[in-house]
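Below is one structure, written out as structure tokens; the observations come after it.
Readers should treat all values here as calculations from the given coordinates under stated rules, not as data from a laboratory. Not measured: the values here are computed from a predicted model. Cβ coordinates were reconstructed from backbone atoms using ideal geometry, including for glycine residues, and neighbour counts include every protein chain displayed.
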Amino acid sequence: MSRGSAAVAAGTGLVLGLLALGPALAPGFTLAYDMVFVPHPVFDRETFGLAGMLPRHVPSDAVVTALAQVAPADLVQKAILLAVFVIACVSASALVPSERRTARLAGGVVYAWNPFVAERLLLGQWALLLGYAALPWVARAAARGEPRRLVLALVPAAVGGFAAMAVSGLVVLVVGLHRPRPGRSVGVGRSGERRLPWLLAGLLVMSLPWLVPSLARFSGVPADPAGVAAFAARADTPFGTLGSLLLLGGGWNAETVPPGYGAAVTAVPWLCVVLFALAAYARGGRAAGLRGLGAAALAGLVLASLGAVVPGLLRWAIGLWPGFAVLRDGQQYVAPLAVVVAVGIGVAVDRVAGRRPELAALALLVPVALLPGLAWGAGGRLAAVRYPADWSRARAVVRAAPGDVLVLPWEAYRGYAWNGGRRVLDPLPRFLPGRVILNDAVRVGTGGRRDLRMAVEDPRARALDPLIRSGAPLTGALRARGVRYVAVDAPEEFATWAGRLPGAERVVTGPDLLLYRIPGAARSRAAPAAQWPTAIASFTTFAALVWSIRLLVGSLLAQSSPKEP
Amino acid sequence: MRIAVAMLAGVVLALLASFGVVRVITTSQQDPVVKPLYNYGTR
């Protein structure tokens, strides 16, 4: 793809991002489910996954913290969210085997604007979306068997962390396993028999920042099989769970379905578009030189459906080895299918453009017309807000006299009034300095039946869990366990928790947050953590990135010739 | 013929977009607070 075409695709992605984010681009922070950004973040042990919790936000938090040292954190958030749309549009456009700009753009637009992007964005999973955005580059690098190019293409996924790398890993593995035709090379890279180990090595190196803390986690890697029922794919269209996955939706959370999506009047045309794209890919998609991508999409679809179709098998597998928990939220594995759909749309538009250029141009509007619910922050579901002044006062107090902080109510997610009631993972662990203890056991509603509760993962939260649930006074026990502060960030429960903290000194009082200091609290002893292995792992990844960056970034945009195998 | 096809496609897209916009506006006017407050989400 020429640089001009890449610039047009980038501009189109930027327009789509502006359209999708809307009010989220106003001054302030957009807080939604897993999307938590805070002003002036600082590096601490949690940033690198060394505090005992599972390193789900490694190294994404570290990258954000580093960027926030040179730019305001809210601008960093907006730049990252816009980058998802720009990268998605550019990378998918580059994969379409066509000389026509309209055809390439059609693939880019549908890849940047579809139910997968909408549902994951509303769920706040920007880190996963970073990996999703660059997946077409990853697929091409794996098909060509070039480890150095693969490392560069994996950078967005590596920033995203384990979920993004899991999806990218699926593509690398399946495409890398695909043997090229006898007597034909695999682009400019290594021969087919020898390329897979090198590709896997590249994948491994880029996973080290989160992989090493996971393996070195002193309390093991817990995985609650109850998560299978909570996070399995679900139907969000009239076509059932499998049909919804085929349409790139089917996420577990009913609250993150974009407004209007799933109604028959839009779902039926969208089904036709996807089936048309798959047919076009089957007939002409191979020209993209991506043998194995179809198999990766099929494998992803199978993985995505496991939790819904054979939940018992997945529970058994997780019981056998907790690492299989990466398959609980299976819908994320339909991402390779989105790549296939994008290439298929591009191929189809390329054929139409020769005879009906006006129809080809209209094809650019189809994804937005069929999924208008993503526009304007999904109708206001994404919007920027400012943190309350109470929070800043609490941070100043803790920074002046550091100590461990316990966050109450004893739940992981909140629906703050100052955030319009939108759910968000409690931001206090990132907002306050030092060790912040939060109940990280998530709770998922089932629409009438009992909520599904996951197990507590943080060892310190697990130790405090029985005490906090007991209803007994907390002050003495918290003092003995080295907890110096208690932050209560739900006004509706201020009175409840005040009654359980006799003798605690209230040092911040505000309408949105109370901060108590527990007199005489001992300094807690931090558990030993694998600092040196983690540092070496991060350095190794950085060194690999420098090694790969000798390739010009622009080379990623190079067109994959239709003649290439 | 081309103009007629383009007009037809444009009308279909406009109808779909109108439907979607109406749905978006209708949904966005609802109270975003979902009870209970502490859930990660609801299936």
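Key figures
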read-out: Cα-based helix-to-principal-axis angle, A:389-400 vs chain A, degrees rounded to 10; value: 70 degrees
read-out: √(5λ) per eigenvalue of the Cα gyration tensor, region A:388-517, largest first, Å; value: 22, 18, 14
read-out: Alpha carbon convex hull of region A:44-123, projected area averaged over orientations, nm²; value: 7.0 nm²
read-out: Peptide-level mean, for A:368-378, of C-beta atoms on other protein chains within 10 Å; value: 4
read-out: Karplus-derived 3J(HN,Hα), 6.51/-1.76/1.60, for each residue of region A:330-343, Hz, glycine and proline x; value: x, 4, 5, 7, 7, 4, x, 5, 4, 5, 4, 4, 5, 5
read-out: 0 to 90° range, to nearest 10: angle between helix A:3-21 axis and chain A longest Cα axis; value: 40 degrees
read-out: Alpha-carbon centroid distance for the pair region A:383-405 / region A:37-108, whole angstrom; value: 25 Å
read-out: Considering only region A:388-517, percent of DSSP beta bridges that pair antiparallel, nearest 5; value: 65 percent
read-out: All-pairs alpha carbon distance profile, region A:250-301, 5 Å steps from 0, percent; value: 4, 16, 17, 20, 16, 14, 10, 2
read-out: Packing-based exposure ordering (other Cβ within 10 Å, fewest first) of A:ILE536, A:ILE87, A:ILE468; value: A:ILE536, A:ILE468, A:ILE87
read-out: Folded to 0 to 90 degrees: helix A:73-95 orientation relative to chain A principal axis, Cα; value: 20 degrees
read-out: Rounded Å value of the spacing that divides the Cα centres of region A:356-370 and region A:444-512; value: 53 Å
read-out: DSSP beta bridge pairing in the protein assembly as shown, given as percent antiparallel to the nearest 5; value: 60 percent
read-out: Kirkwood-based Rg to Rh ratio, region A:1-60, C-alpha trace; value: 1.15
read-out: Prolate/oblate/rounded call for region A:409-455, Cα gyration tensor, a/c under 1.5 rounded; value: oblate
read-out: A:TYR111, A:TYR333 arranged by Cβ crowding within 10 Å, fewest neighbours leading; value: A:TYR333, A:TYR111
read-out: Order of A:CYS272, A:CYS89 under a 10 Å beta carbon neighbour criterion, fewest first; value: A:CYS272, A:CYS89
read-out: 31 Å tail of the calculated P(r), chain A, as % of Cα pairs; value: 48 percent
